[in-house]
Amino acid sequence: MSGFRTFLGSTFIFLLVEYCLVGCDITDGNAEHLKREHSLTKPYQGVGSQWDFWGSTLVTSSFVRLTQDERSKQGSIWNTVPCYLKDWEMHVQFKVHGSGKKNLHGDGIAIWYTKDRLHPGPVFGNQDQFHGLAIFLDTFRNDLHGMDRSFPFISAMVNNGTLSYDHGKDGRSSELGGCSADIRNRDFDTYLAIRYSRGRLTVMVDVDDKNEWKECIDIGGVRLPTGYFFGASAATGDLSDNHDIISMKLYQLMVDHTQDEENLDWTKIEPSVSFFRSPKDNIDDPTGNFRGTALTGWKVFLLLLCALLGIIVCAVVGAVVFQKRQERNKRFY
């Protein structure tokens, strides 16, 4: 029976390790993976060399204010170093606050990974028809018919330069998915995590002061090139808010790729998404999802637990049968 116990112990340890590998989807911010050349942190010494800013952006020792709580402002801050990581994760600490009461504030923040930088425009202070990825933290509802979702609303968009962001519809015709998140006028820190790895885009939020990530967007089939730039922008219109970036930290994800993937020129990849249906079909879809949700860490854990229990039951039954046979055999001697 000692060998049986050893087997059970080894099996449990193996399954526990597998669960940790599956469940730990978001990096814990291990400093050894932090890419400082793509990160913006206090006291913002990289501004002017590794980061450029434009418009109404104000850099202080405590925050980077993209817009003040004033009308018709636009501001942005951009990394000057192109990113050649195939797999990465960006953590953004931000704050949106102002004197405007409910529904009387706007417009929001956008986090960018794009081919061009410092191109002002109508999309949260940046150009339309961009190449790359945008995550929008939209705080104002423009589409009065879209009452199936509450604002602020976080959404994602991948563009190859041919799509326009439709402000009148709050970007529904081109969004990949999204979630509502109460990010405005909070008394604690608010965070956003954007993860891109193996063609999968995952967006997580931590805006409830629970020190835990909540899934907002998870979609596969996303293709993004290397060599693009990270940035953040914000805009106000007739309504306004303070839009602050506290930090942007980029982490490299250590992921193995096939030899064919390694030989691919990732700088030549065209930004795209493989859908089961057209993005325009998402206009009347309140969930904003195109694909079935992948198994979460807890679901995988439960499956592994059930498998482990099944193995234990089979092993116990086998051990009992084996022991009885041994006892029978002893009676014949």
Review point. Are there any strands (runs of 3 or more DSSP E) wholly within segment 36-115 with 2 or more residues that are among the basic types (K, R), buried (at least 22 other Cβ atoms within 10 Å of the Cβ) and without any contact (Cβ under 8 Å) to a residue 40 or more places away in the chain, and if so which?
Key: none
Practice item. Scan segment 144-165 residue by residue and report those that are over 15 Å from D128 (Cα atoms) and either open to solvent by 10 Å² or more (accessible area, probe 1.4 Å) or not polar (S, T, N, Q) (or both). Key: L144, H145, G146, M147, D148, R149, S150, F151, P152, F153, I154
Check your understanding: Does any residue of segment 256-271 turn out to be modelled with pLDDT of 95 or more and either open to solvent by less than 10 Å² (accessible area, probe 1.4 Å) or under 17 Å from the mean Cα position of the chain (by Cα) (or both)?
Key -> yes
Practice item. Find the residue count for segment 171-196, including only residues that are small (G, A, S), surrounded by fewer than 20 Cβ atoms within 10 Å (Cβ to Cβ) and under 17 Å from the mean Cα position of the chain (by Cα). Key: 1
Point to revise | Candidates G168, G199 - the one that is surrounded by fewer than 17 Cβ atoms within 10 Å (Cβ to Cβ), under 23 Å from V123 (Cβ atoms), among the small types (G, A, S) and free of Cβ contacts under 8 Å to residues at least 60 places away in the same chain | key: G168
Practice item. State the number of residues belonging to segment 125-134 that are over 13 Å from P225 (Cβ atoms) and open to solvent by 10 Å² or more (accessible area, probe 1.4 Å). Key: 3
Review point. Taking segment 203-226 only, how many residues are open to solvent by 20 Å² or more (accessible area, probe 1.4 Å) and under 28 Å from P120 (Cα atoms)?
Key: 2
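The values are calculated or read from the model by the stated rules, or taken from the named source; none is laboratory data. What you see is a predicted model, and the numbers here were worked out from it, not measured in a lab. Here the Cβ is made from the backbone with ideal geometry for all residues, glycine too, and neighbour counts use every protein chain on show. Remember, those area values only see protein heavy atoms, side chains included, never the ligands or the DNA or RNA. Shrake-Rupley method; radii C 1.70, N 1.55, O 1.52, S 1.80 Å.
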